[in-house]
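To start, the structure under review is shown below, and the notes come after it.
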Amino acid sequence: MFFLSEKSSKRRIREAENARRNRLEIIKALADGQVSRRDLFKWGLFTAGGLLLWKHGLNPFVRSAYADSSIPTGLPRSPLFGVQAFTQPMPRFDVLPRNPNPFTFLTPAPTKEANTTQQLLNPALEGVTPGDTGPIEGRPPGPIWAHQKFDTLPPQIAVEISTEGAKANTVYNPGVPSSLNSGIDSTQPFPPRFHPNLPDQGPLALWTFNGTLPPKLLIGRYGEGILNRHHNKLPFDVTQNGGFGRHTLSTHEHNGHHGAENDGFTGAFFFPGQFYDYHYPIVLAGINSINTGATDPRAGSPNGSGGITKVPGDWHETMSTHWFHDHMFSFTAQNVYKGDAGMFNIYSALDRGNEAINDGVNLRLPSGTAKDFGNLDYDVNLMLADKAWDANGQLAFDIFDTEDGFVADVMTVNLVYRPFFEVERRKYRFRILNGAVSRFFKISLSDASPMIQIANDGNLLPSPVVITQTDQLGIAERYDVVIDFSRYSVGQTVSMVNLLAHEDGKMPSNTLSLSQALAGSSSDPCVGKFLEFRIVRDPAQPDVSQVPAVMIPNPDLSAIPVSRTRTFVFGDSADQTTNDPVTSFRGPWGIGTNGGDKLNADFGRVSAAPKFGTREIWTLQNDGGGWDHPIHIHFEEGQILKRNGSANNVPAWEKGRKDVYRLRPDGSVTLTMQFRDFGGMFMEHCHNTVHEDNAMLLRWEIDDGGTPFLRPLPTPIPRPQGVTFEAPTEVLNNI
Ligand SMILES: [Cu+2]
């Protein structure tokens with residue numbers, strides 16, 4: 001979906017506004033239960049593929065007789081209320097408090113199996129009659145959804161978060177002094193606004209972690225498990241969503257190597273008034289089979305006083321930059337877009353977040369020196385996302401684009417509009433997350449000077465790669481880059497520039513040259529400068545950080561046999577073979593497994609069941625040339641073996657471990673993964689979240705790792721009164 005250009009006629013803009021209102025009425029009727037999706041099909045408003053048809057101005061995709069724009073559109077351009085770019089500082093992420101001892105900090109104390117203590121339910125919840133009770137925790141009950149390794153690796157840190165409507169932040173902790181946060185006074189309330197001169201977001205428009213801006217940063221280290229108690233404080237009434245977003249939640253720690261009960265499975269969602277305890281043990285993959293005696297200091301964690309606490313597992317599997325976001329079945333795009341996304345920095349002996357400690361293990365990447373680990377002074381999280389808002393400045397989304405993807409017209413960094421960021425003359429690390437719904441980015445600096453890419457997705461590369469522009473960042477991909485600002489003088493500026501234009505959400509339409517992008521010659525308003533660096537001073541202390549020539553070599557898999565190969569084809573015109581009202585969904589998109597038909601998502605269907613403790617090779621194939629798909633496979637990092645059938649096509653920055661695989665038009669990726677340490681049901685899906693929601697997602701599971709896991713696993717069916725289970729709707733042949 002796209003937006004009207006500013007040159008569009010008033011009539012065309014009015015038409016788009018009307019269409020939007022009509023569609024909002026339909027979605028309200030859907031949400032209120034006055035009509036069902038089935039009704040919409042029956043009335044011919046949806047195609048079998050899930051695309052809303054044009055009826056009486058419902059779909060401005062379809063050109064009217066007086067359309068004057070060459071760009072299809074669903075929303076008028078977002079009004080900027082006279083706000084100029086680069087007139088506000090970029091806020092650092094808001095660091096979540098880390099509380100020792102979850103068992104005394106949290107009330108009630110966390111439990112291995114879901115806490116099914118009953119509470120009286122709010123009758124505004126769907127399917128609830130007055131007097132009904134339900135469990136306080138929304139995690140599916142019983143042993144299959146118990147925290148794996150809860151007894152052997154109990155959580156040591158408690159983090160308590162909520163998802164709720166927008167409000168001012170009175171406890172903002174940027175983790176650095178104001179001088180390293182572009183002068184922002186964090187003692188002042190931080191308003192829920194994209195710019196000081198834009199309107200506050202209302203509590204139904206913006207739903208974020210803790211209801212506040214800036215986005216949240218979770219800090220963790222290996223060997224120190226986190227219990228993340230997530231409260232759902234969204235409105236009980238499902239229709240109170242400001243036009244988009246779903247009040248049920250499932251939070252995915254992307255790409256945690258955790259048990260499935262903590263993965264944010266799309267069908268393990270919980271309701272307003274409930275919490276869900278996510279246990280992130282933060283272990284190295286291979287914990288059960290490699291370095292089990294914890295003797296290698298490279299498999300280690302900062303010990304708080306300059307030393308290393310050794311941990312079991314394979315140090316080659318060390319991860320650094322994660323993020324966490326909602327994964328609600330068929331509503332992920334809306335909920336993530338609405339603000340339910342944060343980042344997670346994981347520290348280790350190798351990637352310590354302290355650039356001074358010289359112990360032969362620490363890579364000494366740009367960060368800072370004051371704290372033993374996790375210094376954020378020169379280690380900066382950047383979340384890029386395009387947003388759109390309505391005439392009142394409230395966040396807007398086109399819920400009826402189920403085909404291409406949603407592309408908006410305002411560029412934000414850390415959820416504010418095109419900010420500036422003050423830097424010192426030294427090296428910085430930027431952890432860049434593509435947090436968009438459907439948009440890809442390609443980044444260069446405005447003076448075409450080099451950046452050093454050190455990580456892709458969660459993982460440091462085997463070796464750094466010097467680039468003058470990034471590859472296309474698919475949705476959910478992370479690129480960590482080091483920029484050395486010592487080459488500039490105090491008073492100079494340099495900007496990050498997006499070179500990649502979209503005409504719709506299918507894929508980028510074209511790459512602009514740097515001079516074209518800077519000249520503003522693209523019709524896409526998200527092309528061009530989006531973040532201005534202001535070089536403001538020399539560092540008070542010398543920059544002792546390094547970018548070593550060798551960082552984290554890949555795990556050696558040569559001795560591990562390949563148990564089997566699988567193919568997955570991602571494309572449109574998919575079929576739905578099931579009709580479970582909770583677990584199945586219809587849409588244009590789907591995934592074909594091992595030569596079978598392309599199927600719409602059903603989280604009750606088991607499409608693959610790799611054997612516990614094995615290694616496999618998977619080929620992901622894009623079924624078309626008119627779109628791209630960034631495919632995310634949950635649970636363990638993979639290594640790309642081939643692109644389009646050849647190892648020679650794998651670029652240097654994809655030679656480490658990955659968790660998102662951008663297929664490119666007509667392209668394929670062949671990768672290898674292991675399935676170890678934990679069990680349960682996981683997912684594989686497109687991370688163009690509009691494709692994911694409509695319905696390019698499948699479930700695979702590790703169900704042979706011993707008790708309590710059954711083959712196949714029963715599917716959770718969440719209700720406010722408690723989660724029940726049902727047999728899989730379908731188990732594909734030869735899983
Ligand atoms: Cu896709």
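Read-outs: derived from the displayed coordinates by stated rules, not from any lab. The model shown is predicted, which means the values in this text are computed figures rather than measured ones. Every residue, glycine as well, gets a Cβ built from its backbone with ideal geometry; the counts of neighbours run over all protein chains shown.
Numbers for the structure displayed
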quantity	calculated
Cα-based Rg of the range 562-731 normalised by 2.2 N^0.38 Å, two decimals	1.03
Cα gyration tensor category, rounded, prolate or oblate, for the range 176-310 with a/c compared to 1.5	oblate
Considering only the range 410-537, percent of DSSP beta bridges that pair antiparallel, nearest 5	85 percent
Debye intensity ratio in log₁₀ form over the Cα atoms of the range 410-537, taken at each q of 0.10, 0.11, 0.15 Å⁻¹	-0.30, -0.36, -0.69
Label-point gap, in nm, between A356 and I136 - each point 7 angstrom along Cα→Cβ	4.5 nm
Estimated distance in nm for a label pair at A370 and S521, the labels positioned 7 Å out from Cα along Cα-to-Cβ	4.6 nm
Sequence of V550, V527, V569 once ranked by neighbouring C-beta atoms within 10 Å, starting from the fewest	V550, V569, V527
Cβ-based exposure ranking for E637, E726, in which fewest neighbours within 10 Å come first	E726, E637
Over the chain: helical MRE at 222 nm, DSSP H runs n ≥ 4 each giving -39500 (n - 2.57), nearest 500	-2000 deg cm²/dmol
Spacing of the two label points (7 Å from each Cα toward its C-beta) at A168 and K112, in nm	4.7 nm
Semi-axis lengths, Å, the range 270-423, gyration tensor of Cα atoms, sqrt of 5 times eigenvalues	37, 22, 13
Ascending count of other beta-carbon atoms within 10 Å, so fewest first, for D314, D597	D597, D314
The range 508-567: Rg to Rh, with Rh as the Kirkwood radius over Cα pairs	1.25
Förster radius 22 Å - calculated FRET efficiency between T239 and N579 (Cβ-Cβ, nearest 0.05)	0.30
Net charge, T251 excluded, C-beta distance under 14 Å - Lys, Arg +1, Asp, Glu -1	-3
Hull volume in cubic angstrom per residue (convex hull over the Cα atoms of the range 305-387)	130 Å³
For the range 517-591, size of Cβ-based charge dipole, Lys and Arg +1, Asp and Glu -1, in debye	40 debye
The chain: mean projected area of Cα convex hull, nm²	28.7 nm²
Cα centroid separation, the range 178-236 to the range 282-306 (Å)	32 Å
Principal axes of the range 522-602: Cα extent on each, largest first, Å	64, 51, 29
Stretch gain in nm, segment F725-T567, where the contour uses 0.36 nm per residue and the Cα spacing is subtracted	53.9 nm
Distance from the range 628-685 to the range 529-562 (C-alpha centre basis), Å	22 Å
